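The values are calculated or read from the model by the stated rules, or taken from the named source; none is laboratory data. In this text, all values refer to a predicted model and were calculated from it rather than measured experimentally. Don't worry about glycine lacking a Cβ; one is built from the backbone with ideal geometry, like all the others, and counts go over all protein chains shown. Keep in mind that these areas ignore ligands, DNA and RNA; they rest on the heavy atoms of the full protein, side chains included. Shrake-Rupley method; radii C 1.70, N 1.55, O 1.52, S 1.80 Å.
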Amino acid sequence: PAPEAPPEKPSEASAWKACASFVAQNRESVVLPVSLLILIVCLSVDLDSNRPQASRGAAVMLITALWWFTEVVPLTITSLLPLVLYPLLGIASLKVLASEFFSGTSFLFVAGFFIGLAVERWGLHSRAVCVVVSNAGSRLELVIGGFMLSVWLLSMWISNTATILCMLPMAQAFLESLPPGNERFQSAFLLAIGYSATIGGIATPVGTPTNGIFMQQFSKFWPAEGDFSFAKFCLCAIPLSALLLAVVWLGFCTVFVWLHAKEDRITVDPEVFRSMRRDLGKVTYEQIVVASTLGLLIVLWFTQSKIDTFPGWKKHVAENLDSGSIGLLLTLPLFFLPCGSRLPAAVRRAIGEDRCQSIAGTGPAVFEPRRILDWKAVRDGFHWEILFVFGGGAVIAYGTVESGFADWTAEQLSHTGLGEYFFLLLVTFVICFVTEVVS
């Protein structure tokens, strides 16, 4: 008989795969001992004799980052960890940390969530996308641009997820109208739409939580610079966002439209979008109210602070107002305003009975809507976890500075001889890599 072949040795790749699988299945058994080890090492090492708490600040930051990165528990729970460790290690009291956990920027996001939920609930976002796309005509590049532009604009004010979900029915109808053999175009089209939502989110302070974190940290690290207003942020971010959107659109059209011969290009049937627009019917009373509120809110946000020679209306009304309180000022009345079906009969006739059907696009169907915003709809659709993660990041920033670990880190980086541009490149690369796998 032929001799048996020796067993194959496991490759290095398979060993790493098995190790990763074990860690994923036993995260608690790995992360908790590593966290304890980090704590012991940091408490045993004195990073700087002039800053005795710097080592403790490093321990809290590393342990929290480890928990966030591995998601050993939900991010919301990890966000509460610094509230325990900083008082335990004598860096800061819970009373001080609590004021950092919920700040004025947190309530800016509360107001942003309220107006976003109102837009989603009454289907205003679907109507906006449909109007833009149905007017794009029959040229493929214009239809692609219409989809991307409408998603980009919406994601400035509501979540990327909600924006994509409202667009999917129209995108699906468009892709189903295409002849077979365009699978690569379909995949790239959906990817371009997703990129448009992400790009739009960086354009305003309420577009994504990281923008709010920047505004909060700017006011803390450079208080002498004054308020980093809503308008100032948008004036800096919108041109960059628009440039990125144009690059994605040009790249997509170059590869999938302009490089193809005219006879091989995909034809667009405009009737697909026109029929969907007809199906939406007339603009409803609730959509008019929400659109008016959003429009007024945007104007007030942009004009609240000084812009060049314009002093800003806040100076003449109430100087203590900020973007968060202005947002709540306009969104809280939505909890009082009745739906169209609850209006007096004379008012419904004046507006139009067909505009006052009060058919909510989202939210539980077990209760009839009574107001533009109901607490049940807000409770189920509000992303509470973002406020916790946002607060946890603010507490980590405060504790890192308070312990002296931030100053120690800055000193060490200054000794490396790295130039500003290389350092920015390094930070950008690390953040881009890390956010590929974690939030």
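General observations
- Within the option set D322, D380, D407, D374, being of a type in the set (D, E) and open to solvent by less than 60 Å² (accessible area, probe 1.4 Å) holds for one residue only, D374.
- Residues of segment 333-354 satisfying the condition of being in contact (Cβ under 8 Å) with a residue 60 or more places away in the chain and either touching a strand residue (DSSP E or B) at 6+ places or on another chain (Cβ under 9 Å) or open to solvent by 70 Å² or more (accessible area, probe 1.4 Å) (or both): L334, D354
- Candidate set from segment 142-180 (those that are more than 13 Å from the chain's Cα centre (by Cα) and among the small types (G, A, S)); member that is most open to solvent (accessible area, probe 1.4 Å): S177
- Segments classed as helices (runs of 4 or more DSSP H), wholly inside segment 90-156, with at least 1 members that are free of Cβ contacts under 8 Å to residues at least 60 places away in the same chain and in contact with a Leu (Cβ under 7 Å, 6 or more places away or on another chain): 94-101, 124-134
- In summary, T64 fulfils each of the numbered conditions (1) open to solvent by 10 Å² or more (accessible area, probe 1.4 Å); (2) over 26 Å from V289 (Cα atoms) with the single exception of condition (1).
- Yes/no for V283 being among the β-branched types (V, I, T) and assigned to a helix (DSSP H, G or I): no
- Of the residues making up segment 138-146, one or more are at pLDDT below 80 and on the phi < 0 side of the Ramachandran plot.
- Checking the stated criteria, P33 turns out not to satisfy the condition of being modelled with pLDDT of 85 or more and surrounded by 14 or more Cβ atoms within 10 Å (Cβ to Cβ).
- Contact annotation: residue pairs with Cβ atoms under 8 Å, 6 or more positions apart or on different chains, pairing a residue in segment 216-229 that is open to solvent by 60 Å² or more (accessible area, probe 1.4 Å) with a partner that is at pLDDT 75 or above and hydroxyl-bearing (S, T, Y), are K220/Y398; D227/S219; D227/S305.
- Residues that are closer than 30 Å to L168 by Cβ, of a type outside the set (V, I, T), touching a residue at least 40 places away in the same chain (Cβ under 8 Å) and assigned to a helix (DSSP H, G or I) do occur in segment 301-319, at least one of them.
- Segment 394-405 residues that are closer than 10 Å to R56 by Cβ, paired with ones that are among the small types (G, A, S) and open to solvent by 10 Å² or more (accessible area, probe 1.4 Å) (beta carbon under 7 Å, 6 or more apart): G399/A92
- Segment 194-241, subset part of a loop (DSSP other than H, G, I, E, B) and modelled with pLDDT of 85 or more, residue nearest to the chain's Cα centre (by Cα): I202
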